[in-house]
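A short reminder: the numbers here are calculations on the coordinates, not readings from a lab. Keep in mind that this is a model prediction, so the values were computed, not measured. Here Cβ is always computed from backbone atoms with ideal geometry, including for glycine, and neighbour counts include all displayed protein chains.
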Amino acid sequence: MAAKEGLTVPDDELDLNPLIDVITMLIIFFILGGKMSQDVRTEAITVPPTKTATKLDDNGMKRIIINVFGNTQTLTGVPETRMRVGTKEFVNKGNDGEEAYKGYSQLRSLLDAAYDIADREPDPKGTGISLPKIVLEIRADADTQYRVIQEIQQVVTDTIDPNNGMQAKAIDPKTMKAFVNINFTSRIPGRE
Amino acid sequence: MSGHAEAEDRVNMIPLIDCMFFLILFFMIITKFEPDEKAVASLLPTDKGQMNAKPTSVAPVEQINLLVYPQGVEKGYQPSEYRKQLEELEKSRSFFEIARIRVGGRDPIEINGLALAQRSNNSEQMRDNILQAHAYIKEALNNLEEAGKPRKEQKPVVISCYSGMPWKYALLVYDAVRAYEAEKTGSFNKNTFDLLEAREVSFAPPQIRNFHKNELGNELYTIVNMR
């Protein structure tokens, strides 16, 4: 009888050691494997793969990332282009009219502000343009229409006026706020 | 008395487990796993093209045209007919899936690039797509190589991609030319401004500035009939 009681006592106590082990492992996994969510690269964008992509090196310059979501036909049939820089979102709606280029106009305003406070250097090619020490990274979804990438490149190089129906701008090196150091985000195939 | 002492000796694990659960919850909420992203540099020219055109010679510049347009579009039609073809293609699902890539007047290849937009980074089809485009462009550029000329004096490559095509195709051909130049220059400088010693590779200025659907036929006509 005593022996029977001796056997039943340990069964009543729950052994918590394995549970604690598992929890500790999980904590270590999340600490080592993750990064904080303020990182702008966590936006749900699938960038296209390339073989010659290299590591992101700023060479002492600041970096601005323009997230470009896929240009898609919405359920209403109106195309929509969405871009995001940090927490600011810019949206173009439709093919024509003010709303079609509103996002570009807002993006240009943001770039103008960044240009004004950036360190600058004269264009080594002697064009008279003052270039900001900023790398602009276009992080576009693989299925974004190429037209959108073309338009963004024109907006960032300040060669087109989104406030004037995307008409070409008169080039004046003194007033031009061009960003020419541009990176396209990519990934190397074969790496998960 | 002995039973009381035994109870005090036992450490109460419940608060510890509570803390650990909160820690797990905290890390699960704030953690996101970063994709392994890299970048392809594009140093836009400031002394020519759309930025600041200053022609130095009246002679036409010889260049190699790398063209990207939808599958099923052939040469020899008028812009209005291309417009109709585009409308038909838009209705079919294959419009965004298969691209035709051509170097100058050579025979084109077709790439089914569905895998290029997949989240999985390890698919065989993705690698096949990239290898196919790279092999085609490498062979074409090799045949157009000007013997004895330094890399910078080789004919520039200009990429003309139909504006309605997905971005992945334009970047794929740009990547293929970069890979070719990296191989030719011998050393591939792994920093942002690499390939400065290579020939010039650029995207053609857009055919359409302020987008209008009516101009798409003209754009396709220009690209498909380019050599």
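Across peptide A:24-31, what mean number of C-beta atoms from other chains lies inside 10 Å of a residue's C-beta?
What the average comes to for A:24-31 is 4.
Hey, which of these cross-link pairs are over 30 Å Cα-Cα: A:Lys93/B:Lys138; B:Lys75/B:Lys184; A:Lys55/A:Lys133; A:Lys88/B:Lys138; A:Lys55/A:Lys102?
Going by Cα-Cα distance, A:Lys93/B:Lys138; B:Lys75/B:Lys184; A:Lys88/B:Lys138; A:Lys55/A:Lys102 fall outside the 30 Å limit.
Going by amide H atoms built from the backbone, whose H comes under 5 Å of the H on B:Gln71, apart from near neighbours? The answer is B:Ile98, B:Arg100. Here the calculated FRET efficiency for B:Glu183 and A:Thr87, from their Cβ-Cβ distance with R0 = 51 Å, stands at 0.75, rounded to the nearest 0.05. Report, as an integer, the average count of C-beta atoms from other chains found within 10 Å of each Cβ along B:124-133. Other-chain Cβ atoms within 10 Å of each residue's Cβ, averaged: 2.
For B:Glu200, nonlocal amide neighbours, meaning residues 5 or more places apart or on other chains whose placed amide H falls under 5 Å from its own, are B:Val157.
Placing a pseudo-label 7 Å from each Cα along the Cα-to-Cβ vector at B:Asp36 and B:Arg10 gives an inter-label distance of 4.9 nm. Counting beta carbons within 10 Å around each of A:Ile27, B:Ile17, A:Ile138, A:Ile152 and listing the fewest first gives the order B:Ile17, A:Ile27, A:Ile152, A:Ile138.
The mean number of Cβ atoms from other chains found within 10 Å of a Cβ in peptide B:157-167 is 5, as a whole number.
Alpha carbon centre of segment B:103-128 versus segment A:126-192: separation in Å? Value for the Cα centre distance between the two parts: 26 Å. Note on B:Lys155 and A:Ala170: the model spin-label points, each 7 Å out from Cα along the C-beta direction, lie 3.8 nm apart. Judged by the mean number of other Cβ atoms found within 10 Å, the most tightly packed of the peptides A:114-127, B:63-76 leads the ranking B:63-76, A:114-127. Close amide H partners of A:Asn181, meaning residues 5 or more places away or on another chain with modelled amide H under 5 Å apart, are A:Leu136.
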